[in-house]
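So the structure is just underneath, and the comments pick up after that.
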Amino acid sequence: MAFEAPKIDYTGKIKEITLGTGNKAVKVGGSTSYPFYLFEGQMPNPPRIAMEVFDFAPDDWAEAAVEPFKDVIGDPVAWAKKNIQEYGAEMIALQLRSIDPNGLNRSANEAAATAKRVIDAVDVPVILWGVANHEKDTEVLRLIAESCEGKNLALGPVEEEDYKQIGASAIAYKHTVIASSPIDINLAKQLNILLDNLGVPGNKIIVDPTTGALGYGLEYTYSVMERDRMAALTQEDEKLQYPLICNVGYEVWKTKEAKMKTGDDIKFGDSKKRGIIMECVTAMSLLLAGADILIMRHPESIKLIRKMITDLAS
Amino acid sequence: MGLSGIEIYKLLPQTNCGDCGVPTCLAFAMKLAAGQTELAKCPQVSEESKQKLDIASAPPILPVTVGKFKTGGETVLFRHEKSFVNPTGIAVLVTDKMSDAEADKRITNFRELRYERVGLVLKADLIAVKSESGDAGAFEKLVGKAKDAAGGDGGLILMADTAELLAAGLKAAADQKPLLYAATKSNAEAVAALAKENKCPVAVKGENLDEVIELTQKLTGMGLKEIVIDSGSRKLRKVFEDQVILRRAAIKKAFRPLGFPTITFPCEMSNDLMEETLIASTLIAKYGGIVVLSDLEGHSLFPLVVQRMNIFTDPQRPMATEQGIYPINNPDDNSPVLITTNFSLTYFIVSGEIEGSRIPTWLLVLDTEGLSVLTAWAAGKFAADAIGPFVKKSDIVGKIKHRSLIIPGYAASISGELEEELPDWKITIGPREAAHIPAFLKQYKAS
Ligand code: SF4
């Protein structure tokens, strides 16, 4: 008698969300099973990678992370174009780090103008990621939303404290919001409900569970995402059926171990490869937990993860 | 697993003799089902019932021991349900076709690449020695070479096509109870007999799950219990699918023929160590019992062992660092003193930022039962009456000339009370976010 594999009856489905517009728009979500469980469900849109661009020249990056961009760092427009032309980026994630009040503290106007130049220069979808300072994020994201009306940008992180303002800008100017909650399934659900009540359409929400890097809380993010997908797919929890996004590159490359130089400690091997593998192992883990969009930094990491997605899905 | 009280009752003598210390067999059965007593307490139970109950109460995925390494014993599908039991074993491959230098490098790296983190030693676990040439003498010699490195706190896997070759390898290391790889359709009897004779765990390799089931049934029929499964495929999608199905069949359906840990071979699935590492990370997250890699490098092993630690930690319990004084960047008696909580993540991030700043600093870590600053402060565990006595009792005063203490910005509100607790000290409020510590330290002068 042939063995019959036990299958799960999924009752839910992740919503399909489109970012950007036109023929370069990217559709994510739509899964009807746990990530890559293709023997019992579909993943009509395999996970996608957004490539990171900083809106100023960062001065504390690991050498390996600077190297691929050294000719464009400090010029976000050229950087975004290089990501697309040279590294095949399907989406750009513009990290608005310049507005950090504890850092450069650029004005909202200045940062929004830079962002607009980037958005106008590319035809792929753009994700805008603030610094989780509610006042600053609200101001900048409103300006960008307004000046780029109808581009269907993804605006985040949108948190409980600023969802009304950023949500309203997204509704008014037809963008998507990234609903961000601190590694907690109940808070994630609550924020989605609040956004829904505010009038953000169901096909304009992506969820950020808050990303912990390898060795720095990865397991918390991993489990909250697994629980999230379980509730969405097997318990028909409609308020959790949104695609998930993870800000991987930023979190991994700021860790001590990703920045250690070759030779600092011989047991940690080659600095560049270590950083890339750390970024990839974090990405891989989160893909298996349910990530639909990964924001990543190093071109080689991205290449490897694309290959893994293909291998898992074919 | 999972017999009900009534089902157990049916297997008991039903005499209500009371020898077990419980008045009736039914009451005893109920306690047993709830895990509150053990079968050995009933002296009257028949041998036959005992065997049935033993099998029924074994974990759905049987535990397997390879030398000092343990695998299997898992009881859940998702780590948020209950912590996973035995972390995926990381193995490195050496073959008798490798040059001595190549094999030696792998064995040395196996021994030396160890990382300490939150009091745990993270490392590879197994050396897989493979006979590729078919030369029994060469195989035995290589096993002998790998044996000492693997023996200490790990284990050995012997890989060969025939029972004869495996027997040759065993000559060098039978005392270490290596895993014999593999019993296949063509050699199952001989390999199983060898495993039985030497009391070794044995791997089965089938072309697919149906063949695996046939093989495990054959081996358990011969009395073997310590079995590891290779489901055959070397394509990532299929291997991944097999892992999920195996684990699910064992745990959800109590399907015994697949209730064993697995062995997987990223080393045979890619020619690139970085890609191999990612395949291994997939199988660490999703149910691989052992992953065999073609090589170990610091930059590939370190991320993998950290991921494994992350996946296999107890999801209920926050991880904690030991309370104490941590010198960072060689501090002296003028260096600033910071205090934080003992949530591992907090400690890692704070110490990482201080290290990155290159400023010599003393970091005090207070035991807050593994809570982060904000939660510990809210729970009253990062409070003046805990910090005061800790600072006084610690020997930090003997290490510094000044009396200045920097507390996390999130705990700013305790500074007044802390000044009362520590009257000789100047309390400074530091940044809220660890990321701002370097900038803070750069303009800070202890006084
Ligand atoms: S000792 Fe055994 S037979 Fe006697 S009452 Fe207890 S369970 Fe029943």
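The values are calculated or read from the model by the stated rules, or taken from the named source; none is laboratory data. A quick note: this is a predicted structure, and the numbers were derived from the prediction, not measured. Cβ atoms come from the backbone with ideal geometry, glycine included; neighbour counts cover every protein chain shown. Accessible surface areas use protein heavy atoms only, side chains included; no ligands, DNA or RNA. Shrake-Rupley method; radii C 1.70, N 1.55, O 1.52, S 1.80 Å.
Points to keep in mind about this one:
- Ranking A:176, A:210 by solvent-accessible area of protein heavy atoms (1.4 Å probe, all protein chains present), from largest to smallest, gives A:210, A:176.
- In this structure, the residue pairs whose Cα-Cα separation is over 21 Å, taken from B:68/B:238; A:267/B:145; B:196/B:225; B:68/B:225; A:259/B:105; B:52/B:225, are B:68/B:238; A:267/B:145; A:259/B:105.
- Mean shadow area of the protein assembly as shown, taken as a quarter of the surface of its Cα convex hull (nm²): 36.5 nm²
- Cα gyration tensor category, rounded, prolate or oblate, for chain A with a/c compared to 1.5: oblate
- Counting lysine pairs in the range B:324-443 whose alpha carbons fall under 26 angstrom apart, excluding pairs fewer than 8 residues apart on the same chain, gives 13.
- Buried accessible surface for the A/B chain pair comes to about 4700 Å², total over both chains, computed with a 1.4 Å probe.
- Positive dipole terminus of the range A:99-169, leading residue within A:134, A:104, A:167 (C-beta point charges): A:104
- Each Cα pair under 8 Å and six or more residues apart adds its separation to the average, and for the range B:5-57 the resulting relative contact order is 36 percent.
- Antiparallel %, DSSP beta bridges [both residues in the protein assembly as shown], to 5: 20 percent
- Largest to smallest in accessible area, the residues B:445, B:105 fall in the order B:445, B:105 (1.4 Å probe, all protein chains included).
- From the alpha carbon centroid of the range B:303-328 to that of the range A:152-200 is 32 Å.
- For residues of B:151-161, the mean tally of beta carbons on other chains within 10 Å: 0
- In Å², nearest 10: area of residue A:87 left accessible to a 1.4 Å probe: 50 Å²
- Over 26 Å (Cα to Cα) - which of A:82/B:235; A:81/A:303; A:261/B:147; B:97/B:147; A:27/B:253 fall in this group: A:82/B:235; A:261/B:147; A:27/B:253
- Among beta bridges that DSSP assigns inside the range B:64-312, antiparallel share in %, nearest 5: 20 percent
- Area of residue A:60 that stays accessible when all protein chains are in place (1.4 Å probe, Å², to 10): 90 Å²
- The alpha carbons of the range B:194-262 occupy a box of 37, 26, 16 Å along the principal axes, longest dimension given first.
- Ranking of B:218, A:13 by solvent-accessible surface, largest first: A:13, B:218 (1.4 Å probe, protein heavy atoms only, all chains present).
- Using only the C-alpha atoms, the convex hull of chain B corresponds to 186 Å³ per residue.
- Paramagnetic reach from residue B:333 in the range B:414-447 [backbone N under 16 Å; point 7 Å along Cα→Cβ]: B:446-447
- Per-selection Kirkwood Rh - the range B:5-57 (Cα, Å, 1 d.p.): 10.7 Å
- Taking every residue in B:273-281 and counting other chain Cβ atoms within 10 Å of its Cβ, the average works out to 5.
- The mean number of Cβ atoms from other chains found within 10 Å of a Cβ in peptide B:236-244 is 5, as a whole number.
- Per the Debye formula on identical point scatterers at the alpha carbon atoms of the range B:324-443, with no solvent, log10 I(q)/I(0) at q = 0.20 Å⁻¹ is -1.12.
- Among A:296, A:284, A:225, the residue with the largest mean-square fluctuation in a Gaussian network model of chain A, with springs joining Cα atoms closer than 10 Å, is A:284.
- Folded to 0 to 90 degrees: helix B:273-285 orientation relative to chain B principal axis, Cα: 80 degrees
- Between A:58, A:47, A:299, the Gaussian network model of chain A with springs among Cα atoms under 10 angstrom shows the greatest mean-square fluctuation at A:58.
- Solvent-accessible area of the range B:324-443 (1.4 angstrom probe, protein heavy atoms only): carbon and sulfur portion equals 50 percent.
- Using the 1.4 Å probe convention, the accessible area of the protein assembly as shown works out to 40 Å² per residue with neighbouring protein chains retained.
- In the protein assembly as shown, the calculated helix contribution to ellipticity at 222 nm averages -12500 deg cm²/dmol per residue, counting -39,500 (n - 2.57) for every DSSP H run with n ≥ 4.
- Area of residue A:67 that stays accessible when all protein chains are in place (1.4 Å probe, Å², to 10): 90 Å²
- The separation of the range B:13-59 from the range B:380-447, counted between C-alpha centres, amounts to 58 Å.
- Per-residue ³J(HN,Hα) for the range B:181-190, Karplus 6.51 cos²θ - 1.76 cosθ + 1.60, θ = phi - 60°, Hz, x for Gly and Pro: 10, 8, 7, 10, 3, 7, 10, 3, 4, 5
- Listed residue pairs exceeding 20 Å between alpha carbons, taken from B:10/B:82; B:177/B:286; A:24/A:151; A:15/A:164; A:116/A:174: B:10/B:82; B:177/B:286; A:15/A:164
- Calculated FRET efficiency for the pair residue A:110/residue A:78, C-beta based, R₀ 22 Å, to 0.05: 0.75
- Whole-Hz couplings from phi, Karplus 6.51/-1.76/1.60, listed for the range A:209-215; x for Gly and Pro: x, 6, 9, x, 6, 3, x
- Ranking A:201, A:263, A:25 by Cα position along the charge dipole of chain A, where only Lys, Arg, Asp and Glu carry charges on their C-beta atoms, puts A:25 farthest toward the positive end.
- Chain B: most fluctuating residue of B:329, B:16, B:208 per GNM, C-alpha cutoff 10 Å: B:16
- Shown in residue order for the range B:164-176 are the 3J(HN,Hα) couplings computed by the Karplus curve 6.51 cos²θ - 1.76 cosθ + 1.60 at θ = phi - 60°: 4, 5, 4, 5, 4, x, 4, 3, 7, 8, 4, 5, 8 Hz (x for Gly and Pro).
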